[in-house]
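Q: Attaching a single structure in structure tokens format; questions to follow.
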Amino acid sequence: MQDIHYIIENQATVEANVTARGVKSDISGLIAVYEKLKSAKQELEGLQAQSNKIAKDIPTADDKATLVAEGKAVKEKIKDISDTVTTLDEQYKELMLTVPNGLAEGTPEGLEDDSNVPIKHFMEPTKFEFTPKDHLELGTDLDLIDFEGGAKVAGNKFYFLKNDAVLLDMALQQFAMNKAVAAGYTPLLTPDLARNSILEGVGFAPRGDESNTYALEDQDMSLIATAEIAVGGLHSKEVFTEEQLPLRYAAFSHCFRREAGAGGQSSKGLYRVHQFGKVELFAFTKPDQSEAVHDEILAIEEDIYQELKIPYQVVRICAGDLGAPAYKKYDIEAWMPGKGEEGEYGEVTSASNCTEFQSRRLGVKYADKASGRNEFVHTLNGTAIALSRAMVAILENYQNADGSVTIPEAIQPFMSGKKAIQALSADGVVAKKSA
RNA sequence: GGAGGAAUGGCAGAGCGGUUGAAUGCACUAGUCUUGAAAACUAGCAUGGGUGCAAGCCCAUCCAGGGUUCGAAUCCCUGUUCCUCCGCCA
């Protein structure tokens, strides 16, 4: 959400932003509704003032009956106007929700993800002396991932992790969490459910065709699509002191996404699933801190993938691919040898600066000493590690000619020093290496 | 899931249907006093919106949303959260 006064004073800029993002938002309609709402409110307040005055005068008045009658008359008028105000207010709020955040300077133009701009590379794409498998094949051959079982229990795009994949998953959680804690982030395990009002505040649509979240029947709640939702809501309607900021969290949660219609070759296997675990970085900052914290979040993300020694590129996200809350966003795309025909980069993290967009909706402020007023904080979020996609990257990049998968050195300590995942024979014993 | 109780300013804690946005204490801020500090004293101290150059004025807010009334922190209904007890349970 943006400030209505800013929108009115900078209508052209806001409209250009809407166009650049390729979203639908009727700015002039919004302004018209706001003006109508304002004048209706002023009328209402005038009547309320009258009503208050009459009520105040009654105890000391001689002719109480006349005043009571007058009060009743005013009350009737108030009822009419307040209905109008309610209707206009609903329209106003609905329209406000369609206005996306502003764009940071230097945001690439473009509506689709092919307009995102790579700005940095780490390592060269992995080369193999043999024909590499994709993670699905590796997952089956090494008995690590069971999609059929997942489908039987919960449906397509659900899965069981098995054997060393389980230990690898947990090791990655610990590895990423330790990194974040070392960087000063407070560890957090969050609820996997949240009230729909929180989803809306963070910028997710809890219901409707475009919604990517699972709503609970009969309850005003949804499964969270990311810990960003839970942590964003954690401090809603609170006012921080300047000393408390920046406030930084590393939150683990499960993430549930409907991903309706997102099938196809580009999202096979673990790459796009309905449920995965994720350690999310989230920060509440003063406005003048958010840029530095944004860089810090990206640096932590890069550090994690650098220590895992997985080739990646950092991309700056273009206007159309940003998402409504984000003002500026970077993704890390890891090299995935099994993606596409000959390997492709695939998104494994993102880091967004949402400036005031979420804090306005959630009501998160801080007491600003300089102005003496309560101002909105900035919120930022980024992925420390999304376990399913990290798993894809590790399996595919670390595979060996003999079908085994080396465990990245950085996480060996979290797997009891284990160095590789070997194929199991049918009876569960490690198979002999094929020479 | 069942039965009770509670929710008021940063905290504690009053509050009768009628000048109560809200007593009082603590905390906090500024000032007086003091060599300095403490103590004491004096003053200030909620949020959001509207309007105005400004001082100010107006509206809303005592968990949230409805209702009764000329008038609600106070009465009624619903929801939320917390506490106590019972049941169930990893």
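Q: If the Cβ limit is 9 Å and pairs must be 6+ apart or interchain, which residue in the stretch A:20-44 that is in contact (Cβ under 8 Å) with a residue 24 or more places away in the chain pairs with which residue that is among the aromatic types (Phe, Trp, Tyr)?
A: These pairs meet every condition: A:LEU30/A:TYR92; A:VAL33/A:TYR92; A:TYR34/A:TYR92; A:LYS36/A:TYR92; A:LEU37/A:TYR92.
Q: Looking at A:PHE122, A:PHE130, can you tell me which residue is surrounded by 13 or more Cβ atoms within 10 Å (Cβ to Cβ) and aromatic (Phe, Trp, Tyr)?
A: Among A:PHE122, A:PHE130, only A:PHE122 is surrounded by 13 or more Cβ atoms within 10 Å (Cβ to Cβ) and aromatic (Phe, Trp, Tyr).
Q: Output the number of residues of the stretch A:290-332 satisfying the condition of being more than 18 Å from the chain's Cα centre (by Cα) and among the charged types (D, E, K, R).
A: Number satisfying all stated conditions: 4.
Q: Can you find a residue that is part of a helix (DSSP H, G or I) and more than 29 Å from A:SER197 (Cα to Cα) anywhere in the stretch A:94-113?
A: There is at least one residue in the stretch A:94-113 that is part of a helix (DSSP H, G or I) and more than 29 Å from A:SER197 (Cα to Cα).
Q: For the stretch A:395-405, enumerate the residues that are surrounded by fewer than 24 Cβ atoms within 10 Å (Cβ to Cβ) and either aromatic (Phe, Trp, Tyr) or under 22 Å from A:ARG257 (Cβ atoms) (or both).
A: A:TYR398
Q: Anything in the stretch A:152-182 that is closer than 22 Å to A:SER267 by Cα and among the basic types (Lys, Arg)? List them, or say none.
A: A:LYS152, A:LYS157, A:LYS162
Q: Of all the helices (runs of 4 or more DSSP H) wholly in the stretch A:1-91, which have at least 1 residues that are surrounded by 12 or more Cβ atoms within 10 Å (Cβ to Cβ), polar (S, T, N, Q) and within 11 Å of RNA strand B (Cβ to nearest atom)?
A: Because the criterion is at least 1 residues that are surrounded by 12 or more Cβ atoms within 10 Å (Cβ to Cβ), polar (S, T, N, Q) and within 11 Å of RNA strand B (Cβ to nearest atom), the helices (runs of 4 or more DSSP H) in the stretch A:1-91 that meet it are A:27-57.
Q: Name the strands (runs of 3 or more DSSP E) wholly within the stretch A:291-381 that hold at least 1 residues that are within 16 Å of RNA strand B (Cβ to nearest atom) and on the phi < 0 side of the Ramachandran plot?
A: A:365-368, A:373-376
Every number here is computed from the coordinates shown, using simple stated rules; none is lab data. What you are looking at is a predicted structure, and each value in this text was computed from that prediction instead of being measured. Using ideal geometry, Cβ is built from the backbone for each residue, glycine included, and neighbour counts are taken over all protein chains shown.
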